[in-house]
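Accompanying notes for the structure given below.
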Amino acid sequence: MGVDGGFDMVPRLGLGAEDTHNWALFIELVKGLYADDDQVEVKDHYIEFKAGEHPTLPFYGPLFLRFSSKISGQIARETGVEKYIRNVRRLAAGFFGGRIRFWTESTEQSGFYDWRDVHDIGRNLWEGKTQLTVTRFADEDGDYPLKITNDKLYEMLEIPDRGKGLVARCNIKRGTRILCEKPLLVVANTQPEVLNGIVASKLRSMSKEQQTQFLSLHNNFPRKHAFAGIVRTNALPCGPGAETGGVYPEICLINNSCRPNCHQSWNEAIDDGRETIHAVRDILAGEELTISYDDGNPTDIRKMKLKTSFGFDCTCDLCSLPAPELQASDTRRRLIQSLDEQIGDPMTMMNRPLSSLHACRRLLDALREEFVDPHAEGVATSTALIPRLYYDAFQVVVAHGDQARGRVFAERTYNARVECEGEDSPATQKAKRLMQEPASHASCGAYGTKWRTSKTAQPKKEMVGDEAYEKWLWRL
Ligand SMILES: [Zn+2]
């Protein structure tokens, strides 16, 4: 059997400028250090240490999870693998600090990652594949991930430079509900001095544990009215545009990314109301869970808002893009905002419905371009704007009597809402009802009947093909 030992990278490396830069420097340093060592071979896509069980370092940072080997037994001794692990770990810690987690079974520790994920990457590298390929997700088979002790798909960790955060324990499939949390308190938005008094009285009725959870949350406005400051820094609105906000023990620990992998939403249908977190793309083991604290602004406005409201300079994957790419993102974000406004205009919807419908289509394209999945080429993440735009498209066509397209848009609203909010969210259920009966919407035919169709008048997709179907749907 023997004893394993090594180190893991937690959170795993992302595609941001800092991680990419540091990993490239680290790899160069390792190459230089072992240039004359016969047991260390530089391959096309990775460095192989021909000691122990041949631990490797891939050149593509996001592929790196673990550097380890059996450190007991004859082979380990003869090849001196433990010394390699110790030295590589020391170098890695110089670049990545607390993200380097040393473990050894001789002290009954084990690594963060499931061995099967580590082995998959090793096998892919060996076969010359450098793409990330994820083959298993939580919940699909009952024993993945191993060592799950509290049914949680994430672990709360101290993350270097970011304070506390939540990190995925395993690969999590898009659309999975990761958290469903009851608020510690719900308060209305009001003046800090008033809010402070309200929170103080609510705190008194909480358990010791809840008080500690509340008081340990980040406060960006600590000087005056400290309780109100915690609420201002952490509260999430109880629904779109709600005047009340909730504070949560764990959800409030989720850090920001301007291109996040999770979506937060208030679901009043669960108990007395819960905040839920859903994966908006496939999330990889070791990735930090992120939500967006900003609602899709271009860089200058977004950075200023994050700084004044939350007190940090954002260095997420999006914010650290090279200038030309960041400018392209800003252009898209401005387009998204202007299309979103245009679509909301009832006069256009009434008098020029085709213009409103085409704006919905352009918005969909812009969102797909802006919110790309960093790990899957050609795949876009879902965002809350997608179900909204489908619902807008639904309203445009149905208000002019077009039930056939209305039904398709209601179905797309439903599917997009399931991904972001879950099947049980009231908005998802509403979309489901409209999918079955588009004419039940209050605005059906309100602007006339010039587009009138029956709810079953869709062309057959199998007959006409995807392209023609989309052309029909969007009236292109
Ligand atoms: Zn950012």
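Please treat every number below as a calculation from the coordinates, not as lab data. Keep in mind it's a predicted model, so treat the numbers as computed, not measured. Note that we place each Cβ from the backbone using ideal geometry, even for glycine, and neighbour counts take in every protein chain shown.
Between the beta carbons of Arg223 and Glu243, assuming R0 = 22 Å, the FRET efficiency works out to 0.30 to the nearest 0.05. Using a simple spin-label model with pseudo-atoms 7 Å out from Cα toward Cβ, Lys164 and Asp271 lie 1.8 nm apart. Multiplying the residue separation of Gln131 and Gln39 by 0.36 nm and removing their Cα-Cα distance gives an extension gain of 30.5 nm.
The simple spin-label model puts a point 7 Å past each Cα toward its Cβ; for Val194 and Gln74 those points are separated by 8.0 nm.
As a calculated quantity, the FRET efficiency between Met304 and Arg116 at R0 = 51 Å, using C-beta atoms, amounts to about 0.70. When only alpha carbons of the stretch 366-476 are considered, Rg and Dmax amount to 14.6, 46 Å. Could you work out, for the chain, what percent of all Cα-Cα pairs fall into each 10 Å distance bin, beginning at 0 Å and stopping at the bin that holds the largest distance? Taking all Cα pairs of the chain, the binned fractions are 4, 17, 25, 23, 17, 10, 4, 1, 0 percent. Counted residue by residue at 0.36 nm each, then reduced by the alpha carbon distance between them, the extension gain from Lys430 to Thr449 reaches 4.5 nm. Counted over all Cα-Cα pairs of the stretch 190-348, pairs farther apart than 18 Å make up 67 percent. Ordering Gly273, Asn220, Cys252 by the projection of their Cα atoms onto the charge dipole of the stretch 217-282, which places +1 on the Cβ of Lys and Arg and -1 on the Cβ of Asp and Glu, puts Asn220 at the extreme positive end. In plain terms, the chain from Met156 to Lys471 could stretch by 108.7 nm, reckoned as 0.36 nm per residue minus the Cα-Cα distance. Taking a Cβ cut-off of under 12 Å around Leu306, the surrounding Lys, Arg, Asp and Glu residues balance to a net charge of 0, with basic ones at +1 and acidic ones at -1.
Find how many whole Å separate the alpha carbon centroid of the stretch 303-381 from the alpha carbon centroid of the stretch 46-88. Between the Cα centre of the stretch 46-88 and that of the stretch 303-381, the gap is 44 Å. Distances between placed amide hydrogens fall under 5 Å for Val40 paired with Lys50, all partners being 5 or more residues away or on another chain.
Annotation: amide H-H contacts under 5 Å for Tyr46 (H modelled 1.01 Å from N, sequence separation of 5 or more, or interchain): Phe59. Over all other residues within a Cβ to Cβ distance under 15 Å of Glu193, the charged ones net out to +3, with Lys and Arg as +1 and Asp and Glu as -1.
Using the Karplus relation 6.51 cos²θ - 1.76 cosθ + 1.60 with θ = phi - 60°, the per-residue 3J(HN,Hα) values for the stretch 330-343 come to 4, 4, 5, 5, 5, 5, 4, 5, 6, 5, 4, 5, 4, 5 Hz, with x marking Gly and Pro.
In order along the stretch 444-453, phi translates into HN-Hα couplings of 4, x, 4, 9, x, 10, 5, 9, 4, 9 Hz, rounded to whole numbers, per the Karplus curve 6.51 cos²θ - 1.76 cosθ + 1.60 with θ = phi - 60° and x for Gly and Pro. Working note: Karplus 6.51/-1.76/1.60 with θ = phi - 60° gives the stretch 219-225 the couplings 10, 8, 10, x, 5, 10, 6 Hz, where Gly and Pro are set to x.
For the stretch 442-476 and the stretch 402-436, compute the distance between their C-alpha centroids and round to whole Å. Their Cα centres are 16 Å away from one another. Ranked by the mean number of other Cβ atoms within 10 Å of their residues, highest first, the peptides 39-46, 19-26 come out as 19-26, 39-46. Annotation: amide H-H contacts under 5 Å for Ile159 (H modelled 1.01 Å from N, sequence separation of 5 or more, or interchain): Lys164, Gly165.
For the modelled label position 7 Å from the Cα of Asp365 along Cα-to-Cβ, which residues of the stretch 383-424 have backbone nitrogen atoms closer than 18 Å? Only 386, 389-390, 393 fall inside the zone, counting backbone N under 18 Å.
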